[in-house]
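**Student:** Before we start, here is the structure in question, set down as structure tokens.
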Amino acid sequence: MKLNKFWIIILLFVFLTSFNILFKNNLWFDSAYTLEYVNQNTISSMLFNPVDVHPPLYYIVLKGWFLFGESIIWARLLSVLFGVIFLYLVYLITDKLFNDEYTSLFVTTIVAVSSTYLNIFTEIRMYSFALMLISISFYFLLKSKEATIKDNNFFMYFLTVFLAIWTHYYVCFYILVSFIYIYFFKKNQLKNVFKTFISYGAIFYIPLMIYFLTQLSKIEGMWFKGVTFMSFFSSLNYAFFHSNTDLMSNIGNWIGYFFVIAIFFLNVYYIKKEENIELKRIAMFLIIAGTVPQLIGLIINNFYSVYHHRFFIFTLWFYVIVSIRSFVYFMNKYKIICLYILFVLFISFNLVEYYDNSMTELVTIGEFVNEHYCYDDILVLHESPFTSVTSQYYLRIGNCFSQPLLFSALTDKQFGSAGGAIIYKDSVINNTKYIEDYDKLLYYRTDGNNLLNFTEVEWNESILLDLEGIELVYVEKIY
């Protein structure tokens, strides 16, 4: 009966993801970058001449996936497949932790309808693959009896950990969390775990360190503005809702701020009331696993700009598990009808969040340019890789051979960190003289700073498309 109910949840998840996959041929920068990077590079170059800021494993897997077809839909189906496996492991892990069918099904349902996970598992990025590997890893860690390679379960934990870190560097926070789990529940094995990681781990982490140092020689690093202590609460909100804001900008985010506080007190209440000592310790571990990595990230961010919500998705799902467990405990104890109403509202809000953030603006502009301006002698200018990389992809698949031009004053290393690895070098300009000398151009604008205002030429401008802040503007010189 349990598995039958689980597969209903999986069908719901697949149905919800199909909206993005089948009906919106849309991309945003990260996904477009992935498709262009995999298209331009061989497996050999991704391994031995890395020009991307991430480890190569997901790109290699996607390259193999493309042997059977190459399209946005096909690439997203791979992410959905990872999502189905992840949901199955979340179900098994929750069941093993709490030995409660109702909690397992409830947690899996919440994850399946969360706008955060619906976006991750329809996006063409490595997060879906890494999450799947981490969930497999943690499941085998729960099953392991001894911390040696001879234990098949521990070997699978060990193997999937290092496959995951070859997918994204922030998996290191999950490794920390797994050590915390061992300290909590298998303390006598901690010494053996360190020995195993040091002895056998060299097979994985020495090549990875060499790879990382090679990347550092070509890029300057990533930078994220506006990170404050409030970002910690925003990250907890991101565990449930696909939002990258700091919870302080509008009423929706204030609701999110209230939600995070309410969940925190709900978890405290559950730990206080739970009579089973083992379940209490499990809940405490899950809270630590879902919060400590962000706190460490905020501390590190004072020295290096490294903090972004999505980078902590590899451990945030632990916080989702314990929060839903607390909610289920509260519902079972008090059976208040309004709690069920809150559950329905949570799902409704998540689905609205998911469907309202489908990033259709860039595909609309890409199709417009392909249809009207592909073969005209018109310059397509971008202020940011955010639109230029996406445009580059749509022009390529539309067999349009005119390349978008990107204005950038970044250094080569900074440019490499901002997607420059797949942008054609002859498509980048760093001064306004080129623009001033050109007779006419088609101009993308992605923010409020109109680059043309800084040239010594006057321009006539007419907006061709205005899509929620992303404008397509046709301009001509005034003589």
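The values are calculated or read from the model by the stated rules, or taken from the named source; none is laboratory data. Model, not experiment: these values are computed from the prediction. We place every Cβ from the backbone using ideal geometry, glycine too, and count neighbours over all the protein chains shown.
**Student:** Does Phe265 satisfy being surrounded by fewer than 16 Cβ atoms within 10 Å (Cβ to Cβ), at pLDDT below 85, part of a helix (DSSP H, G or I) and not β-branched (Val, Ile, Thr)?
**Tutor:** no
**Student:** Which condition number does Thr116 fail, the rest of (1) surrounded by fewer than 24 Cβ atoms within 10 Å (Cβ to Cβ); (2) under 19 Å from the mean Cα position of the chain (by Cα) being met?
**Tutor:** Going through the list (1) surrounded by fewer than 24 Cβ atoms within 10 Å (Cβ to Cβ); (2) under 19 Å from the mean Cα position of the chain (by Cα), Thr116 breaks only (1).
**Student:** Moving on to the next point. Among (1) over 24 Å from Tyr174 (Cβ atoms); (2) aliphatic (A, V, I, L, M); (3) modelled with pLDDT of 80 or more, where does Ile313 come up short?
**Tutor:** Unmet for Ile313, out of (1) over 24 Å from Tyr174 (Cβ atoms); (2) aliphatic (A, V, I, L, M); (3) modelled with pLDDT of 80 or more: (1).
**Student:** Next question, about the same structure. Yes or no: Phe311 within 21 Å of the chain's Cα centre (by Cα), of a type in the set (Phe, Trp, Tyr) and part of a helix (DSSP H, G or I)?
**Tutor:** Yes: the conditions hold for Phe311.
**Student:** Among the residues of the range 235-250, is any at pLDDT below 85 and part of a helix (DSSP H, G or I)?
**Tutor:** Within the range 235-250 (the criterion being at pLDDT below 85 and part of a helix (DSSP H, G or I)), the answer is no, since none of the residues qualifies.
**Student:** Now for a different question. Which condition does Met222 not pass, out of (1) assigned to a loop (DSSP other than H, G, I, E, B); (2) under 16 Å from the mean Cα position of the chain (by Cα); (3) at pLDDT 85 or above, if it passes all the others?
**Tutor:** Exception for Met222: condition (3).
**Student:** Oh, and also: Which residues, counting only those in the range 144-155, are surrounded by 15 or more Cβ atoms within 10 Å (Cβ to Cβ) and not polar (S, T, N, Q)?
**Tutor:** Ala147, Asp151, Phe154, Phe155
For (1) over 24 Å from Ile347 (Cβ atoms); (2) modelled with pLDDT under 90, each residue gets a yes or a no:
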{"site": "Ile288", "(1), (2)": "yes, no"}
{"site": "Tyr307", "(1), (2)": "yes, yes"}
{"site": "Trp317", "(1), (2)": "no, no"}
{"site": "Ile321", "(1), (2)": "no, no"}
{"site": "Arg325", "(1), (2)": "no, no"}
